[in-house]
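Take a look at the structure set out below.
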């Protein structure tokens, strides 16, 4: 990998907290979320909860989650939840693996999966926040667009104001563009939601984000 490509992918991976928090914290909320198949929902839940497992087990869990999500897509290509589950498991697997040409190429697949989810369900708040977070984290060379990313994340929050993952994605996007006070305010609002919903490990994750922004 040449230096420019490595820098671009490295930037994506270092700023992947929006996507990771989204998939870890997001829960379906109201009419903005499609139902999805049982397998698709299970694959997405497995991805959300992978950080609760020991580090040594996470790569295997993500591989299994990705396989499960891909099978859900094969069973029903029109299931937007299945496509988001592929996005979630693949994105976390890329982040876990670190820099490689393989990871560089998989970024395109991430975008295809989330675009498919949105084509199937345009008001899917989780997919809107996922695409927004990805666009905001990617360099322009790889199709990034920070302004469009923020617009999509804000739309997700409007559609599903109690969606914790979407709110933390907005925190990440705001922080990335230097809007520190706005990011802190959003993080504190999101923390209040997490404290009501739990579970405790997620509360601690959210508290850590707020503590970092308060420094």
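Considering every Cα-Cα pair within the stretch 160-215, what fraction, in whole percent, is farther apart than 17 Å? Spell out each step's value before the answer.
Values: 420 of 1540 pairs.
The answer is 27 percent, as a whole percent.
Scaled to the compact-protein estimate 2.2 N^0.38 Å, what is the alpha-carbon radius of gyration of the stretch 97-215, rounded to two decimal places?
Values: Rg = 14.8 Å, N = 119, 2.2 N^0.38 = 13.5 Å.
In units of the 2.2 N^0.38 Å rule of thumb, it is 1.09.
Please list 156-164, 106-114 highest first by mean number of surrounding beta-carbon atoms within 10 Å per residue.
On the way: 156-164: 21.1, 106-114: 18.9.
Packing order, densest peptide first, comes out as 156-164, 106-114.
Can you tell me the order of 61-71, 200-210 when each peptide is scored by its average per-residue count of other Cβ atoms within 10 angstrom, highest first? Kindly include the intermediate steps, with their values, before the conclusion.
On the way: 61-71: 19.2, 200-210: 15.8.
Highest to lowest by the protection proxy: 61-71, 200-210.
Taking a quarter of the surface of the Cα convex hull of the stretch 75-159, what do you get in nm²? Write down the numbers at each step before the final one.
Details: hull surface 22.0 nm².
That works out to 5.5 nm².
Taking the Cβ-Cβ separation of residue 112 and residue 53 as r and a Förster radius of 25 Å, what is the calculated FRET efficiency to the nearest 0.05? Let's see the in-between values first.
Working: r = 28 Å, r/R0 = 1.10.
Once rounded, the FRET efficiency stands at 0.35.
Read-outs throughout are calculated quantities, based only on the coordinates presented, and are distinct from any laboratory measurement. Computed from a predicted model, the values in this text were never measured in an experiment. Backbone-built Cβ (ideal geometry, glycine too); neighbour counts: all protein chains shown.
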